[in-house]
Amino acid sequence: MVGIFEDLGFEAGLAAVLGNLVGVVVLATVFLLLPIFTIWVERKVAARFQNRIGPNRVGPYGILQSFPDVVKLLGKELILPRNVDKIPYLLSPIIMVAAVVLIVAVIPLAPTIIGTDLSIGALYFVSVGSLTTIAIVMAGWGSNNKYALLGAFRTVAQLISYEIPLVFSLLIPILLVGSLSMQTIVEFQDTYWIIFYVPTAAVIFLVSNIAEIGRAPFDLIEAESELIAGYMIEYSGMAFAMFYLAEFLHAFLVAVIFSVLFLGGWQGPLAQDVPVLGIAYLTIKSFIVYFAMLWVRMTLPRFRIDHLMAFNWKFLVPVSIVHVLVTAGIWSALPEPDLSGGWFARLGEEFPRMALNLVASVVIAVVSLRLLRQYAEQERQRLSEVTAMVEHKQYPLATTGQGAQSNVIVVGTGSGD
Amino acid sequence: MVPLWMYLVVSAALFCIGAFGVLARRNAIAILLSIELMLNAANINLVAFWRYMNPTVINGQVFAAFVFAVAAAEAAVGVALILSIYRNRQTVMVEDVNILKW
Amino acid sequence: MELTWQAIAFFIFSALTLGGGFAVVTQRNIFHAALFLMLSLFGTAGLFVLLIAPFLAAVQVLVYIGAIAILVLFAIMLTRRLMGLTISLNQQWPAAALAMLVLFGVLLLVLTPVGDDILGQNWSANLPTDGDTAPEVTYITVREIGVAFSTQNGFVLPFEIVSLLLTSALIGAIVVAREDEAI
Amino acid sequence: MDINWLDANYLPWLIPVPPLFSFLLIILVLGRYKILSAVVATSSVFLSFLMAWPLFFKAALFTEDFGFRDGVYRVFGSHITWMDLGYQQFKMGVTVDPLTTTLLFMVPLAMLMIFIYSIGYMRAYPENDPHQIRFSRFFAYLSLFAGAMLTLVVADNLLLLFMGWEVMGLCSYLLIGFLFEKKSAYQAAVKAFMTTRIADVFFLVGIGYLFAETGSLSYRDILYNEAVLERLGNSDLTGFLGLSAAAIIGTLIVIGTIGKAAQFPLHVWLPDAMEGPTPVSAMIHAAAMVSAGVYLVIRFFPLLEAGGNPHHAEYTLPLIVMGVLGSVTALGGGFLGIAQNDIKRVLAYSTISQLGFMVAALGIGAYVAAAFHLITHAFFKALLFMCSGAVIHAMEHGEHHLHEMGHDDAIPHRVQPGEATPYGTDYIGPHGEAPNDLEWQPTVPAGIDLSFVAVPNDMRLMGGLFNRIPVTALTMLAGSLSLAGFPILSAGFWSKDEILADALLFITEPSAFEGHGAPWLHILVFFSLFFAAMMTAFYTTRMWIMTFAGTPRSEIAKYATLKHEHHHHEHEHDHHHDAHAVVPHDAHEHEAEEENRFSWERFKAWWSVYSNSALMQGPLVVLAFFAIFAGFVGMHPNFPILNILTGGNGASGGTNYFYNLVSDTLIHLPPKPPFATEGSIKIPLPLLSSLTAFFVGAGLGYMVYGVPIEAGEKDRSEAFFGSQLWTAMQNRLYIDTFYLRTFYVPFEWFARKISYQAIDKETIDEFLHTVADTMVSIGEALKMLNRVVIDGVGDGIPSLIASAGRYFRNIQSGSIQQYLLFSSGILLLIVVGFLLIV
């Protein structure tokens, strides 16, 4: 691209700037247009989960449904309430979208196609992702509305908290690869994908990322049933749509990043030689992950705020820290295999490291889940005791399932033994 | 590349602005913000000197990273103090917090 | 000095930094001041990038903007009742401004070649005057920083102490900010 | 410094560490997790065990040149400079010499067994029992105890040994008083602590004197240094009152041992120490504390005999003290052991008696024999105590069972003796304060019911337990035979035989004593130990028969068991209840299905029933093995036929492994007692004497108790001794009462009446009050002066200052920013001035 501009007669520095600018515009536009498709995917999949058909009128299978929606949103008035703080209020959706689009810069689409192969790519992803917090806080504050403010409070708590397991779980692939560069991370996965080394870290990464985006079941930020959409309450028209755009785009980008970090990115047969194949592989992987995220979204109910924080601080954070330590220990203890041979030779050479890490990771997952289960059992026990106590005083109380069962016991035992 | 003194001037200006904020703002939170500015000025200095004087030794960046950590600690404690004061005295104006006068 | 793209970027980022900083200390609305602080920090991050310290830039965005500034915003939102202040500066602000102007003047004299003639003493003689003579950075900074943090001859002890400081600051913050419980 | 911790020179440092660490871990972190702390404690001891045994085998078997040979000191160990005293450095270190290795063999093994046993023992108690409530703490104390003992064993100097010694004292206090809700328990703890403290003071004085004499406390400098020993043993060069320094120091050290190893005048704490949980008794009386006492004198034997030679009837003062007191203790302990009805107290007196054996043996220079008996005794006594714990548990379960079945009337009920105690006044105020003057009266307790026996401990209520707990019965039989000295197949036989052989040197090898005076101490020791051995066999027989043989003498004994199913039942019961209630029709199917299916719950239920029994009886079997076979290592090489085991040819030859190993600890090799008398007719006199002692003692026991006594029947020995003497024996020959009246009551009277009342209250306080009153009146006068004169001047100055202050205080506005502005302004001025000047 830079070459083209130089041929056109621009001075070298200017040509570089212009060329990069054009590249940025193209890449950003492609990704900005993606939600038009993913929104349709999302609606369709959601409909299937809920036993409906979903959009089916506009275009084949309703695939063009998003276009009339965009037109409709463009046509709506952007309402500016009287007491809003105008600058943050109007800046917020822009920052939101911008922060999300910035992530695109470090995604390696193919062996040669990448926005820029930053040496700190992974860190860049996290730091840019954290900018969305600011947008949400600005929206929450600027709206001058108590629901919006409450939403902003929750945002700060939730997003900053979940950044910790996010960073820790991100550290693990970085630790394995020894580089923060996204391209290097993908190249490392030439033999095995990182998810085979550390499946637990991958799951933690995905979960904390879903929380970072604020999607179900972590969508307390907007929580339309309690906070009537939280920070978005005062927005309308395209400003409102931009938040949704950012959310969908972010969700998809998380799927992409997940594929890059854990599923080998563009790695696949012949991808080294034919870059387009790399893009195809990455797209397929990303959509599989995206589908998994949709599945989670459609299946699980929303967390309560205290459960959300407890889940993070008492479960995800310790587990991820332990995982980092364990992986670091194993990785530094094992010798570097000789990876100079052919692909199959490398597979064999790499296998012991992979297997050992896999075992450690699975053990961590099993142990931590076991502990979690034990805790849940205790908690259930405690709750049922509380319920029983309330029952004993004969308060009219909506009993849980267990309570109901114990009711039956009381009635049923006349002469047991 | 721009010469080193330009960075130093930016840093000095930022430091003076921050110091002015510390001296002149009434709101304790604003003072906290100004302190962050001053810390940033120091950081610019550290990194600029590192870059221009001795980039083979990483110390400048390491120090900047330490400044980040210290800034984080300072902000956490500062915000906690301000919230505590606010809860007890319903104000965050520094001039109202003068009971240690006598 | 020729006006390269780097120089332009430097001026843009400097303007962001200083302008944001100036707005921080003058803005009446404290929330806006905090937003301007973010702007200023963002400019600083840009300066870091220009200085080939991408790691610091990313950490600046992640930690400073993403965490510290958000924390301050949080505090602002919690003390929301005090937003209606009309006077943001205290009575001594002219004196403070004067002192800071003097300080800035002194620093200018000391740091820049401008002062050499006036002071009659070359304070900045040891500083490189020309940016193009600066040595190249040839290594990956993240790895170097990591090595510096974890080697015995590097900064292991300061690193651990800073960790301790952060931990104690967190605990202290919790203790200070916690509501007194009835005991 | 390059330290390879697996090197035998450095490994001893690590041996005490795991238990000490486990103590910290349990106390600080794991207090809430019972089983986890038990597992941690046990595995820590196992770790020590894993380090100690390889060290033992390496040192004892695979190191050719080990110990003190040819004037060279070759042992494992290392030291660090602990404290720089200026003119010299005090070194702390560890050492492994032959004597240490034997203890490294015995101590970790016994401790490991005790720990495992403890898990079962403690778990078997019901949920709200103090044993269960303080479960973790118990293991923490036990760990500390183990760590201290191991420290003491590997120490290479007297000070480190003393540290371990004192920590063990503390632990014994904590553990004996473990059930401190029981008055008797905490008083026993105080008693044990105070009694040993008396001895420890003397011991500490001895340490100080030794350090003053030699400038070092290291074994290396003192015990393996002939010049030093010679100087210390020479009464012309050192010491006073015509005694050499070695004699004085040695006597003080022996006093320390008398306290710790419960020898005659200070033996009173040991029977009371039975108040602690039974594993503690095993720990104190076998593996750790009393062993430590004997270990100390064995270790310091070169010093004790310095200046004399017991093999030539040149007895030094410490040796005489040991010989006489040991003999008295051995005899007295055995005598009192006959009359005890509490199964643990029989063992307590037997311990005292056996320790007397060791101390007396050392008194006549039977170094190897004493060490040998120390090891074997540790094995079989730990075994016996743990067996008794199992018996008591079985009895308690029987009690519970009766209780559950509603037969409370079948349980003998006794009032706890708490009101009349060896500690005199019994009154403690509601808040634990001391009695005030009005309430206090110097009461001498009229009668102390020391014959009180708790129900589950009472041998009179046992009988026929063989069918209920056969494993325990058999292992206890092994331990008892070992204690009694059953020929050949018991460890105790060999060690006791060797002691008697050493004592018989005056007959079998009279040439050694010729021209050196009469071997009176040998004669005394031999006869007392001979009779003591007889009594040992007698009361051991009595104990075993009363416990296990015959038919149950009470309802409790009928139901005694180690497999207690109480909790299990309750659980099942509830479970069925629910199942019936919810789905009445499926209940049976459900049940049948559950019968056949292996499930975690069923396994847990099964485990809860059988685990304690397994945990308690497993260690017994292990220790029983050692109680039977451990003696062969010290077999006399001339023993007919069996000396094939020692590498002989059946008639003679072979080596005494234990002798060969341990004797290298000494500079001068101790004598090997001959197997038979000199002369043409070789009579194996030592063997004959020990066989006689066993068969006479055990035979008498079988004659008297062979037909098991009936419930409520008087003890048959009572008829022989007469009821008055019998009562006296049960009351410990009134020695405790004697101490009480001689020491406790006068001291308390002195403390209360003289120190507190007369001196403190009436003299010092009165004086102070008078002074205070005078001062107050002087002060009043001065006050008047002050008010008129000084205040007049004084008020003027402050008012001046106040007005000045009022003026200046405007600077201090309290506004932090103003201060900042001032300081930065001043700073700026300085900088600008600097720039202008430079």
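The values are calculated or read from the model by the stated rules, or taken from the named source; none is laboratory data. Since the structure is predicted, the reported quantities are computational estimates derived from the model, not experimental observations. Using ideal geometry, Cβ is built from the backbone for each residue, glycine included, and neighbour counts are taken over all protein chains shown.
Observations on the model:
- Among residues of the range D:677-727, those that are of a type in the set (G, A, S) and buried (at least 16 other Cβ atoms within 10 Å of the Cβ), counted: 7
- Of all residue pairs spaced 6 or more apart or on separate chains, those with beta-carbon atoms under 8 Å, a first member in the range A:122-139 that is at the interface with chain C (Cβ under 9 Å from one of its Cβ atoms) and a second member that is not in a helix (DSSP H, G or I) are A:L123/A:L180; A:Y124/A:L118.
- Looking only at the range D:117-134, and only at residues there that are among the polar types (S, T, N, Q) and not in a loop (DSSP other than H, G, I, E, B), the one that is farthest from D:V633 (Cα to Cα): D:Q132
- Some residue of the range A:30-41 being within 14 Å of chain C (Cβ to nearest Cβ) and under 30 Å from A:A152 (Cβ atoms): no
- Per-region count, the range A:71-116, residues part of a loop (DSSP other than H, G, I, E, B) and not acidic (D, E): 16
- Figure legend. Inter-residue proximity from the range D:1-23: first residues assigned by TED's automatic domain parsing to the domain that holds D:L47 and touching a residue at least 40 places away in the same chain (Cβ under 8 Å), second residues part of a loop (DSSP other than H, G, I, E, B) and surrounded by 15 or more Cβ atoms within 10 Å (Cβ to Cβ), beta-carbon distance below 6 Å, spacing 6+ or different chains. No pairs are indicated.
- In this structure, A:L277 does not qualify as in the same structural domain as A:F188 (by TED's automatic domain parsing) and surrounded by 22 or more Cβ atoms within 10 Å (Cβ to Cβ).
- In the range D:267-284, the residues that are modelled with pLDDT of 85 or more form Cβ pairs under 6 Å with partners that are among the aromatic types (F, W, Y) and surrounded by fewer than 24 Cβ atoms within 10 Å (Cβ to Cβ), at six or more places apart or across chains, as follows: D:P277/D:F178.
- Condition met for A:S320 (free of Cβ contacts under 8 Å to residues at least 40 places away in the same chain and of a type in the set (S, T, N, Q)): no
- Matching entry among C:A45, C:A75, C:A69 (being at pLDDT 85 or above and either part of a helix (DSSP H, G or I) or of a type in the set (G, A, S) (or both)): C:A45
- None of B:E74, B:E36, B:E95 is outside any loop (DSSP other than H, G, I, E, B), in contact with a Phe, Trp or Tyr (Cβ under 8 Å, 6 or more places away or on another chain) and either of a type in the set (D, E, K, R) or at pLDDT below 85 (or both) except B:E36.
- For the range C:5-35, filtering for residues that are exposed (fewer than 15 other Cβ atoms within 10 Å of the Cβ) and within 8 Å of chain B (Cβ to nearest Cβ) leaves 1.
- Where helices (runs of 4 or more DSSP H) sit wholly within the range D:251-370, those with at least 1 residues that are closer than 23 Å to D:A199 by Cα and under 20 Å from the mean Cα position of the chain (by Cα) occupy D:269-272, D:278-282, D:289-299, D:317-338, D:343-363.
- Some residue of the range B:46-69 being under 30 Å from D:Q818 (Cβ atoms), assigned to a helix (DSSP H, G or I) and within 14 Å of chain D (Cβ to nearest Cβ): no
- Residues that are in contact with a Gly (Cβ under 9 Å, 6 or more places away or on another chain) and at pLDDT 85 or above within the range C:48-61 comprise just one, C:A57.
- Within the range D:542-553, the only residue that satisfies the criterion of being surrounded by fewer than 24 Cβ atoms within 10 Å (Cβ to Cβ) and of a type in the set (S, T, N, Q) is D:T551.
- Flag set for A:P165, criterion: modelled with pLDDT of 85 or more and either part of a helix (DSSP H, G or I) or not acidic (D, E) (or both).
- Count - residues of the range B:7-30 that are more than 7 Å from chain C (Cβ to nearest Cβ) and farther than 17 Å from C:A57 by Cα: 3
- The one condition in (1) more than 7 Å from every other protein chain (Cβ to nearest Cβ); (2) surrounded by 21 or more Cβ atoms within 10 Å (Cβ to Cβ) that B:L33 fails to fulfil: (1)
- The range D:807-818 - residue that is more than 10 Å from chain B (Cβ to nearest Cβ) and modelled with pLDDT of 75 or more and, of those, nearest to B:R25 (Cα to Cα): D:F808
- Only one of A:S161, A:S143, A:S179 that is over 20 Å from A:F218 (Cα atoms), among the hydroxyl-bearing types (S, T, Y) and surrounded by fewer than 24 Cβ atoms within 10 Å (Cβ to Cβ): A:S179
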